[in-house]
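The values are calculated or read from the model by the stated rules, or taken from the named source; none is laboratory data. As the structure is a computational prediction, the values presented were derived from the model and not from experiment. Cβ sites come from the backbone with ideal geometry, for glycine too, and all protein chains shown count toward neighbours.
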Amino acid sequence: MPPCPAGPIIPGMSSPEHAAAAIDQSIPPSTGRHIDFDKLPTFYNDSSFWCMTATQFMGAFNDNLYKQLVLLLSIAAVSVVGGEAKDDQSLAMFVFAAPFLAFTGYAGYLSDKFGKRGIIILCKFAEVIIMALGGLGFYIYWKSGSLTFLYFVLFLMGTHSAFFGPGKYGILPEMLRERDLPRANGFMLMTTFLAIIFGTVVAGMLLATGRLWAASTACVVIAVIGTITSFGVRRVPAANPNLKFQASALTVPPDMRAMLAADRPLLAALLVSSVFWLLAGMVPSAVNAVGKIELGVGDAYTSVLAGLIGVGIAIGCVIGGIVSKGSVDFRLLRIGCIGMLVCLVIAGIPGGGDAVGVVDAAGNFSNLPGIGEGRQWLGFWGSLPVMLLLGAFTGLFAVPLQVFMQSRPPEDKKGRMIAVMNQANWVGVLVSAALYWAISRGVETAGWPRATMFLFIAALTLPIALFYHPKHESSATAAP
């Protein structure tokens, strides 16, 4: 899920990958580290910031490029080997998400103890090696049809991103003036969002050519460029070189558990956020399955559908941020939830036709199914506006929920609350992998159209629409 403008606490929505930004922004840099911010260059003239922005853009682009390549191949590979159109994306979802839950807490500890610039550079070197291994994985797939090694590389990529995340956002308060942080984070989150969209769409286009070597080469080249730009990031002192690792960093600290137990609205928001990411984790894979199996429109057009959701999320988040005007407006959440529910139901309506995309002699797709022409009622052309609206309503839903969890806790607990939210969200993503596996296998066994997976996701959304009705309040409201 891409980031989006969320409110006055942080100028961007913290997806699980981006929550580290909030942790470091909520705690000002220690004055004991002797950083003379008055001598730093202005925001727009700071080459170090632009190098960091380029580095994280390349990393986010590569993450989503490689992940989408493996997700799409997870459909194609089993359909060729087994003779039936099956869907093994759930395994890819799990192996990518698991490292974030396992290593994010330890990664944050390392970035504070040893310095974020060094962690960033080491991660970028690791990315080059991992993407080179990805090339070997693509070769193995080309020769044997096996995805096992590609899944292993995807796990390594998730591990790399888990260690890269705390440093890439946490370094900003250490190398920029405080007054530049809102604009800097906003710009970085915007470029990350663009990288997510571009990576998803480009993956489909590269795979559509049938040249896996081109996809592999692109991943390695992007990793190399990101490594080069990382050397332009300014050196900053370690935030806390004497920091001792505590096992509680990997779980929910006792005082945070006590706060959540005493503040039921905050606990409810945390649970809803986790469920939200559970649902959000299944939607892209469902789109891939419908596009490739149901509509037969190939990798490129399928990735366009997935990319439109990202565009819609950006639109919805911008609208939500403008309308909220510094308050937690839960009316937007209700509108977003109902809109998501309606879009999912419409996307899940089976069609009476059997039309699929046709590949001509040049390898181009034509006769893309329209409304009522395929096993999914919307077809490809009808799905375009619905996917865009689904993303927009998702953005409206996410903005007030995000701002509430950032603003509700007391000042001394805001950073740790966002860390807890990060953990809860990744639990949701991991559960989504298992749940998607169960739903997709059930749909395959019953012989239903893949579009009905959207109906299952809608059914999981329904309890939130029916029972979660928090009251509108100022974003400055803190927990008692």
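For Gln402, only one of the following conditions fails: (1) polar (S, T, N, Q); (2) modelled with pLDDT of 75 or more; (3) over 24 Å from the mean Cα position of the chain (by Cα). What is its number?
For Gln402, the exception is condition (3).
Mind telling me which of the residues Ile140, Ile196, Ile130 ends up being buried (at least 17 other Cβ atoms within 10 Å of the Cβ) and out of contact with any Pro (no Cβ under 7 Å at 6 or more places or on another chain)? Write out each step before concluding.
On the way: Ile140 fails: buried (at least 17 other Cβ atoms within 10 Å of the Cβ); Ile196 fails: out of contact with any Pro (no Cβ under 7 Å at 6 or more places or on another chain).
None of the other options fit; the residue is Ile130.
If a residue must be within 23 Å of Phe57 (Cβ to Cβ) and at pLDDT below 95, how many such residues does region 139-153 contain? Talk me through it step by step, then tell me what you get.
First pass over region 139-153, keeping only residues within 23 Å of Phe57 (Cβ to Cβ): 153.
This time we only want the ones that are at pLDDT below 95, so: none.
Within region 139-153, residues that are within 23 Å of Phe57 (Cβ to Cβ) and at pLDDT below 95 number 0.
Among the residues of region 338-370, count how many are at pLDDT 70 or above and among the β-branched types (Val, Ile, Thr).
5
Hey, Lys143 hits all of (1) in contact (Cβ under 8 Å) with a residue 24 or more places away in the chain; (2) over 23 Å from the mean Cα position of the chain (by Cα) but one; which does it fall short on?
(1)
Only residues that are crowded, with 24+ Cβ neighbours inside 10 Å and outside any helix (DSSP H, G or I): list them for region 370-392, please.
Answer for region 370-392, where residues must be crowded, with 24+ Cβ neighbours inside 10 Å and outside any helix (DSSP H, G or I): Gly374, Gln376, Leu378.
Any chance you could count how many residues in region 267-302 are aliphatic (A, V, I, L, M) and over 23 Å from Ile338 (Cα atoms)? Walk me through it before giving the result.
First, pick out the residues of region 267-302 that are aliphatic (A, V, I, L, M): 267-272, 275, 278-280, 282-283, 286-287, 289-290, 293, 295, 297, 300.
The next check asks that each one be over 23 Å from Ile338 (Cα atoms); those that pass are 289, 293, 295, 297, 300.
The number of residues fulfilling the criteria is 5.
Does region 295-316 contain any residue that is surrounded by fewer than 23 Cβ atoms within 10 Å (Cβ to Cβ) and among the charged types (D, E, K, R)?
no
Mind checking which pairs have a first residue in region 165-189 that is over 20 Å from Cys317 (Cα atoms) and aliphatic (A, V, I, L, M) and a second that is modelled with pLDDT of 75 or more and in a helix (DSSP H, G or I), Cβ under 6 Å, 6 or more apart or different chains?
Cβ pairs passing all conditions: Ile171/Lys116; Met175/Ser48.
Would you check if Val287 is touching a helix residue (DSSP H, G or I) at 6+ places or on another chain (Cβ under 6 Å), modelled with pLDDT under 85 and hydrophobic (A, V, I, L, M, F, W, C)?
Working: touching a helix residue (DSSP H, G or I) at 6+ places or on another chain (Cβ under 6 Å): yes; modelled with pLDDT under 85: no; hydrophobic (A, V, I, L, M, F, W, C): yes.
No; evaluated as a whole, the condition is false for this residue.
Looking for whichever is at pLDDT below 80, outside any helix (DSSP H, G or I) and either out of contact with any Leu (no Cβ under 8 Å at 6 or more places or on another chain) or crowded, with 20+ Cβ neighbours inside 10 Å (or both) here; the options are Glu174, Glu84. Which one fits? Even if it seems obvious, please write down each step before you answer.
On the way: Glu174 fails: outside any helix (DSSP H, G or I).
The conditions single out Glu84.
Are there any helices (runs of 4 or more DSSP H) wholly within region 252-355 with 2 or more residues that are hydroxyl-bearing (Ser, Thr, Tyr), and if so which? Write out each step before concluding.
Working: elements: 254-262, 264-289, 298-324, 330-347.
Output list reads 264-289, 298-324.
Say whether the condition of being in contact (Cβ under 8 Å) with a residue 60 or more places away in the chain and farther than 30 Å from Phe198 by Cα is met by at least one residue in region 272-290. Lay out the reasoning, then the answer.
Applying the first criterion (in contact (Cβ under 8 Å) with a residue 60 or more places away in the chain) to region 272-290 yields 272-290.
Checking which are farther than 30 Å from Phe198 by Cα leaves us with none.
Among the residues of region 272-290, not one is in contact (Cβ under 8 Å) with a residue 60 or more places away in the chain and farther than 30 Å from Phe198 by Cα, which makes the answer no.
Say we look at region 188-209 and pick out the residues that are closer than 13 Å to Ile309 by Cβ and at pLDDT 80 or above; which of these is farthest from the chain's Cα centre (by Cα)? Break it down stepwise before answering.
Step one: of region 188-209, the residues closer than 13 Å to Ile309 by Cβ are 193, 196-197, 200-201.
Still in the running and at pLDDT 80 or above: 196-197, 200-201.
Values: Ile196: 8, Ile197: 10, Thr200: 11, Val201: 15 Å.
Per the stated criteria, the residue is Val201.
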